[in-house]
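Report on the structure given below.
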Amino acid sequence: MLTVLLYANDKQLSQALKKEFIQKIKDQPIRLVEEKEQADYIITIGGDGTLLSAFHRFPQYLEYSQFIGIHTGHLGFYADWLANGIDQLIRGLVSGNRESVSYPLLTVDIKTTDKRSIRRLALNEFVLRSTAGTVVCDVYLDDFCFETFRGDGICISTPTGSTGLNKSLGGAVIHPKLDAMQMTEIASINNLIYRTLSSPVIVPQEESITLKPDSQSGNFILSLDNQSLSLENIESIRTQIAPQRIRFASLKHTHFWDRVASSFIGNHPSDSRELNR
Ligand code: NAP
């Protein structure tokens, strides 16, 4: 029997949908499992943020489970099922179709001056900021010292994260079939003394980006998607496209560019042609 772990946010609509889902699978060959048991599918109910939270809550199931996101608002990037699609989703689950699509993740390796090592994964992006104002850090592309950055921070995103914070920072939207990461600057200082490239940089899977912050920058805030940690004594942060990937059940196909267009542009040109006829 296939197993499902349900993970809903606290919103009333999400909780109601969770109840509806449980009711509808009562007579189906689907067993709900608790968080401590791995499941064939991790189904999130909420938004893209809820799926990001589930990704960070269940790293131990990454290799085994396929994710499915139900959005209780508009269509999301990870949460690409809507409340009115629950019956179709359940039919897909019991059909035995286990096909999936996988997306790249980011490995973030943090080394502190007291020789501690912290390794984390990010689904959308990693962001370095400082609580004390300007971040000063050397940016290495592999072993090559590329520039010294001064500004509010640096964002390094995955292809699926490219439509999140990265896009608001002027980064390009990258198709998730490309195994690449993108670095964007957050308000860099550029004048006669300080200089950075000032445009997004896209790096292939086999290359890394390492940030070596100046210790004078004080306390740092390191964000991994919607999770944050605060660290003082950072020696280096090395990021690279991870060997692990996240898998999503492909029970229906939502074209990537369709999702980008409907999220950011609204009506397609073809729609307006239809309306003008
Ligand atoms: P949040 O309030 O949970 O999310 C901010 C918005 O970003 C929400 O509308 C969320 O969608 C959307 N989002 C999340 N991942 C996305 C993706 N891959 N593509 C397009 N939109 C996406 O904020 P948070 O907890 O601070 O951070 C969670 C994520 O939100 C971050 O990883 C970052 O990428 C994104 N974010 C974007 C901005 C910005 O664009 N200025 C600022 C902060 C954070 P749902 O409503 O479906 O959850």
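The values are calculated or read from the model by the stated rules, or taken from the named source; none is laboratory data. These numbers were taken from a predicted model, which means no experiment stands behind them. All Cβ positions, glycine included, derive from the backbone under ideal geometry; neighbour counts span all protein chains shown. Heavy atoms of the whole protein, side chains included, go into the accessibility calculation; ligands, DNA and RNA do not. Shrake-Rupley method; radii C 1.70, N 1.55, O 1.52, S 1.80 Å.
Among the residues of segment 208-229, write down those that are within 16 Å of the ligand (Cβ to nearest atom) and either modelled with pLDDT under 95 or open to solvent by less than 50 Å² (accessible area, probe 1.4 Å) (or both).
222, 223, 224, 225, 229
Every residue in segment 25-40 that is touching a residue at least 60 places away in the same chain (Cβ under 8 Å) and either within 17 Å of residue 263 (Cα to Cα) or among the aliphatic types (A, V, I, L, M) (or both), please.
Of everything in segment 25-40, those that are touching a residue at least 60 places away in the same chain (Cβ under 8 Å) and either within 17 Å of residue 263 (Cα to Cα) or among the aliphatic types (A, V, I, L, M) (or both) turn out to be 25, 30.
Residues being open to solvent by 20 Å² or more (accessible area, probe 1.4 Å), in contact (Cβ under 8 Å) with a residue 24 or more places away in the chain and either among the acidic types (Asp, Glu) or away from the ligand (no atom under 12 Å from the Cβ) (or both): count how many of those fall in segment 41-82.
6
So, of the residues in segment 160-200 that are open to solvent by 20 Å² or more (accessible area, probe 1.4 Å), of a type in the set (Ser, Thr, Tyr) and outside any helix (DSSP H, G or I), which turns out to be farthest from the ligand (Cβ to nearest atom)?
Top of the filtered list is 194.
Please state which one of 96, 92 is crowded, with 17+ Cβ neighbours inside 10 Å and away from the ligand (no atom under 16 Å from the Cβ).
92
Is it the case, given these coordinates, that residue 148 is farther than 18 Å from residue 235 by Cα, part of a strand (DSSP E or B) and either open to solvent by less than 30 Å² (accessible area, probe 1.4 Å) or more than 16 Å from the ligand (Cβ to nearest atom) (or both)?
no
Of the residues that make up segment 127-140, is at least one touching a residue at least 40 places away in the same chain (Cβ under 8 Å), outside the structural domain of residue 55 (by the TED database), within 13 Å of the ligand (Cβ to nearest atom) and out of contact with any Asp or Glu (no Cβ under 7 Å at 6 or more places or on another chain)?
Yes, segment 127-140 contains at least one residue that is touching a residue at least 40 places away in the same chain (Cβ under 8 Å), outside the structural domain of residue 55 (by the TED database), within 13 Å of the ligand (Cβ to nearest atom) and out of contact with any Asp or Glu (no Cβ under 7 Å at 6 or more places or on another chain).
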